[in-house]
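The values are calculated or read from the model by the stated rules, or taken from the named source; none is laboratory data. Everything quoted here is computed from the prediction, not taken from an experiment. Because the Cβ atoms are built from the backbone with ideal geometry, glycine has one as well, and the counts that use them run over all protein chains shown. Keep in mind that these areas ignore ligands, DNA and RNA; they rest on the heavy atoms of the full protein, side chains included. Shrake-Rupley method; radii C 1.70, N 1.55, O 1.52, S 1.80 Å.
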Amino acid sequence: MNYLILSDIHGSLPRLREVMDFYESNGYDMLVILGDILNYGPRNGVPDGLDAPGIAALLNMHTDHIVAIRGNCDSEVDQMLLDFPCMGDYALLVVDGKRVFLTHGHKYNDSNMPKGIDAFFQGHTHLHKLERAGDVLVLNTGSITFPKNGNEPTFATIDGTIVRLRRLDGSVLKEMPLA
């Protein structure tokens, strides 16, 4: 299976459409969302194309193929618009026998990782990262809407067993094997 992973959409329908075009045109099997889906948060500006109902409608078309995690800007009210569950603080994904811990990053983060995992995926900081911390592969998808510190908007994919950090146009910024 191939996965597309993103975080920190923060209500921007145009940015989500760009990522979903890549998802659909490249035949990904699953969409993994690491939180902050509809709400832009009090510390961020209002994003271009703010459209929570539009985002919900677009994502709900893919409900059977979404694994989603709750971010610090997500609430029970948001869940009312979404047809897939997104209120868990974490999930565990198994890819080719490797345990991938999925979380937003405001509770668990790369300084507070659980034990017994092979990979740790988060968002939250809006700063992309793909590196190893000992035996654990650490991915931060960055943000497609509000990247920080001069970073460009990014998302990630798992293609077979290769994790790729990607720009909005789908070009690869960095890649590493999952194992």
Here the residues within the stretch 126-154 that are of a type in the set (A, V, I, L, M, F, W, C) and either loosely packed, with under 15 Cβ neighbours inside 10 Å or touching a strand residue (DSSP E or B) at 6+ places or on another chain (Cβ under 8 Å) (or both) are LEU127, LEU130, ALA133, VAL136, LEU137, VAL138, LEU139, ILE144
Looking across the stretch 89-101 at residues that are outside any strand (DSSP E or B) and within 21 Å of ASP29 (Cα to Cα), the single one that is most open to solvent (accessible area, probe 1.4 Å) is ASP96
Among residues of the stretch 65-80 being more than 15 Å from the chain's Cα centre (by Cα) and in contact (Cβ under 8 Å) with a residue 12 or more places away in the chain, the residue surrounded by the fewest Cβ atoms within 10 Å (Cβ to Cβ) is SER75
Every listed condition ((1) outside any strand (DSSP E or B); (2) of a type outside the set (A, V, I, L, M); (3) within 12 Å of the chain's Cα centre (by Cα)) holds for PHE155 save (1)
Q. Assigned to a loop (DSSP other than H, G, I, E, B) and free of Cβ contacts under 8 Å to residues at least 40 places away in the same chain - does that describe any residue in the stretch 6-17?
A. no
So, first residue farther than 22 Å from VAL94 by Cα and in contact (Cβ under 8 Å) with a residue 24 or more places away in the chain in the stretch 159-175, second residue aromatic (Phe, Trp, Tyr) and not in a loop (DSSP other than H, G, I, E, B), Cβ within less than 6 Å, six or more apart or across chains; the pairs are GLY170/PHE22
- Query: Is it the case that THR145 is assigned to a loop (DSSP other than H, G, I, E, B), among the hydroxyl-bearing types (Ser, Thr, Tyr), touching a helix residue (DSSP H, G or I) at 6+ places or on another chain (Cβ under 8 Å) and touching a residue at least 12 places away in the same chain (Cβ under 8 Å)?
  - Reply: yes
(message) Against the condition of a type outside the set (Phe, Trp, Tyr) and in contact (Cβ under 8 Å) with a residue 60 or more places away in the chain, how does ASP36 come out, does it pass?
(response) yes
